[in-house]
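**Q** Let me give you the structure first, and then I'll get to my questions.
The values are calculated or read from the model by the stated rules, or taken from the named source; none is laboratory data. Bear in mind the structure is a predicted one, so any value in this text is a computation, not a measurement. Here the Cβ positions follow ideal geometry from the backbone for every residue, glycine too, while neighbour counts run over all protein chains shown.
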Amino acid sequence: MLSPCIPCEEPFRMKKVRIDLQHCYGIKSLTATLDFSTQSAQAIYAPNGVMKSSFAQTFHDLSRGTPSRDRIFDDRVCVREVRDENGKELPPESVFVVRPYDQDFAHSEKTSILLVDSALRKEYEQLQAGIEKQKGLLLAALKKHSKSKKDLEAEVSSAFTSSDQEFETALTRIQAELTEMHDAVFADVPYDTVFDEKVLAFLRTPEAQGVIEVYVKRYNELLSSSTYFKKGTFDYYNAGQIAKSLASNGFFAAKHTVTLNAEKKLEITTEKELEAVITKEKQALLTDKELRARFDALAKLLDANVQMREFRTFLLDHESYVSQLANAKKFRENVLKSYLKICFEMYAELMKEYGAAKARKKEIQAEAEKQRSQWETVLRLFNDRFVVPFTLEAQNRTAVMLGDDTVITLGFTYHDGNDTRAIPKSSLLEALSTGEKKALYVLNVMFEVETRIKENRETLIIVDDIADSFDYQNKYAIIEYLKDIGQSPLFKQIIMTHNFDFFRTLESRFVNYNNCFMATKSSTGITLGKASGIRNIFIHDLKKSFFTDAKKKIASIPFMRNLVEYTGGETDPRFLKLTSMLHCRPDSATLTEGDLDQIYNGLFSTKKKSSGSKPIMDLIHEQAVTCLTATAGANFENKIVLAIATRLAAETFMLKKINDPAFAAGITARQTQVLTKKFKELFGSGPAVETLDRVVLMTPENIHLNSFMYEPIVDMSDESLRKLYTDVSALT
């Protein structure tokens, strides 16, 4: 069953839908008013080629807010008006078209709201909002300080983890180091200049590595011979930062001193004295001729392009950083740590937010795992109702429920007897039949329907032969689902099909007879007429009018012939007489309307008075002529009369031309086909043969029919049968 809908604040519209279409994808004209005031579903039987695809495409355009057009004659003015009973046009979002199959139609971010538990998600989002706010402040401060145009969230993440999507993990991993850091040694390094992709690529080349290695080796030699600098503990990076830190914290102002230990101890009493010592030591390093040569070799390499030249300019002013380039990865980490240390207050606030939310988020996630959602209801309904060789489950349900993912990921398990295997959707589709693929498509339709319930959105649903290619069990499953949709006041359905059996099942299961229509196409447009003959047409219509309607009397002949065949066999005199009313046999001209009435009375144990003694052949052709000008529509009896009259006219023509009574008398079965074959042998090809071939093609299934199997005649248009009868009657 569908999920319950939330009551609307305003009364529902669409008690009626008024449709006016002109030149819409082959529909010349269609004007209709569908009344949903007593039932929410309307069924339309439309033979192939009449209107279904054009109608569905027109409403699909409406749902997208795009104009419709004539598919071939694009210069024709297209009219598309779809209004409710108040004359208001239906908005695009209130229309949903279900096509027979659409492999691209799938669940989306919108349909994933079916997973949402509003209370849990609201709390989760509030926790996440606090984190995002503080993270935004930190990233903005980092960007301002570094002047970087890069995505610093991704940069920090990838520097300290194996992914650029693990910002929280990265910050957590370096928390202890940042807390213990005293100085932001590399805070003044221009990030985009030093860590440009082209620069980093250059630094990884063997040539650059070789030059840097030689430079660093000489640098370390000089550092080891320095009076005061010591590698890794008190080099000029640390020394410079210490000097600034001592001064800014009032160390020298408080009359404290610093003692530098060497062969001769040196007591420093002011910041200037300390800076002078550091500068002297630095100069001793950087003026070394061998080190200068190594640096010049590196600078020469850095002259390839704009980015490299910018980096070269930076190194010329900051030669001391060359020693850090031997390990660019570690240098990048230290630079980012320096930035974070500068923004440590905001960093600490973000880590506080992470910590506060962590425990509760775990609790919410655990609670969400236990809850069932509308998604799972749909999946369970699908797995229970539809017969397919696979089952479905929502794999990332909790992540979508809490907003970490936007679109649900479905898991597919294929079943073959007792064997099961989880497979990706692409492999599943390769293994499924057309009907099974359509069943999977129906799942996405179900999600869309549930989403509209969640949104409390009143919708006109256009269903275009969705059950085509289904086996009977799944066909009934989709009918039951459409019936479920009809229980919701949110939905109005126009269900179209070219399958008459499906049409009849819709009527028998849930669509009222008065809400069933048949579409008829003529040269001027499409008309929707009240359906007839949905149930047993012979019992409910033809039999009741046998003595009052000549067309229905003639249309009853094949049904009566079937009944006699079932009860008395093909040798029964009644069967032979009825056969002679459908074929030109030696006794056909002698049979009268009274003979037909007599068979009827005997077959149904009635004593109705005979209508007269008019030759049955004359009656058939008289009624066929009246069918030529009858109003277009379902008109079962008209079509049967035209089919019978057409075949009789064709056989009369061929028997006269062949002129071989002995041959005709020897025909025991399939008389029309046998005569046509003989006619071709005698007279070859030509317009007459082409017409006779159409008779053989179009009329048999429209005559030899019973109350269970008469779909072919429904599909045949009035115009086609009228033209065929006219063409056959004109043969000479």
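**Q** Would it be correct to say that S469 is in contact with a Gly (Cβ under 8 Å, 6 or more places away or on another chain) and surrounded by fewer than 19 Cβ atoms within 10 Å (Cβ to Cβ)?
**A** Criteria met by S469.
**Q** A further question on this structure: Here is a check on your reading of the model: is L171 modelled with pLDDT under 95, assigned to a helix (DSSP H, G or I) and more than 30 Å from I494 (Cβ to Cβ)?
**A** yes
**Q** Identify, by number, the condition in (1) part of a helix (DSSP H, G or I); (2) over 25 Å from D572 (Cβ atoms) that R647 doesn't meet.
**A** Condition not satisfied by R647: (2).
**Q** On the basis of being buried (at least 17 other Cβ atoms within 10 Å of the Cβ), free of Cβ contacts under 8 Å to residues at least 60 places away in the same chain and in the same structural domain as M181 (by TED's automatic domain parsing), does E319 make the cut?
**A** yes
**Q** May I pose another question? Among the residues of the stretch 557-564, is any under 30 Å from M617 (Cβ atoms), surrounded by fewer than 16 Cβ atoms within 10 Å (Cβ to Cβ), assigned by TED's automatic domain parsing to the domain that holds C627 and in contact with a Ser or Thr (Cβ under 9 Å, 6 or more places away or on another chain)?
**A** no
**Q** Is there any pair with a first residue in the stretch 471-485 that is more than 19 Å from S40 (Cα to Cα) and a second that is modelled with pLDDT of 90 or more whose Cβ atoms are under 8 Å apart and which are 6 or more apart or on different chains, and what are they?
**A** Listed by first residue and then by second, the contacts come to nothing, as the list is empty.
**Q** I need a count of the residues in the stretch 673-688 that are modelled with pLDDT under 90 and in contact with a Phe, Trp or Tyr (Cβ under 9 Å, 6 or more places away or on another chain).
**A** 0
**Q** In addition: Every residue in the stretch 562-589 that is assigned to a loop (DSSP other than H, G, I, E, B) and closer than 24 Å to T676 by Cβ, please.
**A** E570, H583, C584, R585, P586, D587
**Q** For the stretch 452-474, which residues satisfy the criterion of being among the acidic types (D, E) and touching a strand residue (DSSP E or B) at 6+ places or on another chain (Cβ under 7 Å)?
**A** Result: D464, D465.
**Q** Can you name the number of the only condition in (1) over 30 Å from L137 (Cβ atoms); (2) modelled with pLDDT of 80 or more that V322 fails?
**A** (2)
**Q** Something else now. Taking N536, is it in contact (Cβ under 8 Å) with a residue 60 or more places away in the chain, within 27 Å of M496 (Cβ to Cβ) and surrounded by fewer than 21 Cβ atoms within 10 Å (Cβ to Cβ)?
**A** yes
**Q** Also: When you scan the stretch 637-654, do you find a residue that is among the acidic types (D, E), assigned by TED's automatic domain parsing to the domain that holds M617 and at pLDDT 90 or above, even just one?
**A** Yes, the stretch 637-654 contains a residue that is among the acidic types (D, E), assigned by TED's automatic domain parsing to the domain that holds M617 and at pLDDT 90 or above.
**Q** Answer yes or no as to whether T409 is surrounded by fewer than 17 Cβ atoms within 10 Å (Cβ to Cβ), under 17 Å from the mean Cα position of the chain (by Cα) and either at pLDDT below 85 or not assigned by TED's automatic domain parsing to the domain that holds T179 (or both).
**A** The answer is yes for T409.
**Q** Mind checking which residues of the stretch 90-141 are more than 27 Å from E363 (Cα to Cα) and modelled with pLDDT under 75?
**A** Y101, D102, Q103, D104, F105, A106, H107, S108
**Q** A follow-up question, please. Regarding R670, is this residue basic (K, R) and in contact (Cβ under 8 Å) with a residue 24 or more places away in the chain?
**A** For R670, the condition - basic (K, R) and in contact (Cβ under 8 Å) with a residue 24 or more places away in the chain - is not met.
**Q** Might you check whether a residue that is surrounded by fewer than 19 Cβ atoms within 10 Å (Cβ to Cβ), of a type in the set (A, V, I, L, M) and closer than 24 Å to M654 by Cβ occurs anywhere in the stretch 565-586?
**A** Yes, because at least one residue in the stretch 565-586 is surrounded by fewer than 19 Cβ atoms within 10 Å (Cβ to Cβ), of a type in the set (A, V, I, L, M) and closer than 24 Å to M654 by Cβ.
**Q** Further, regarding this structure: Step by step: first the residues of the stretch 31-60, then only those that are crowded, with 21+ Cβ neighbours inside 10 Å and in a strand (DSSP E or B), then the one that is modelled with the lowest pLDDT. Which residue is that?
**A** If we take residues in the stretch 31-60 being crowded, with 21+ Cβ neighbours inside 10 Å and in a strand (DSSP E or B), then Y45 is modelled with the lowest pLDDT.
**Q** Out of all the residues in the stretch 179-211, which are part of a loop (DSSP other than H, G, I, E, B) and either touching a residue at least 40 places away in the same chain (Cβ under 8 Å) or in contact with a helix residue (DSSP H, G or I) (Cβ under 7 Å, 6 or more places away or on another chain) (or both)?
**A** Answer for the stretch 179-211, where residues must be part of a loop (DSSP other than H, G, I, E, B) and either touching a residue at least 40 places away in the same chain (Cβ under 8 Å) or in contact with a helix residue (DSSP H, G or I) (Cβ under 7 Å, 6 or more places away or on another chain) (or both): M181, H182, D183, A184, V185, F186, A187, V189, P190, F195, D196, R204.
**Q** Are any residues in the stretch 519-561 aliphatic (A, V, I, L, M) and part of a loop (DSSP other than H, G, I, E, B), and if so, which ones?
**A** Hits for the stretch 519-561 are A531, I534.
**Q** Residue under question is L223, and the condition is that it be within 21 Å of L315 (Cα to Cα), among the hydrophobic types (A, V, I, L, M, F, W, C), in the same structural domain as L336 (by TED's automatic domain parsing) and modelled with pLDDT under 65; does it hold?
**A** Yes; evaluated as a whole, the condition is true for this residue.
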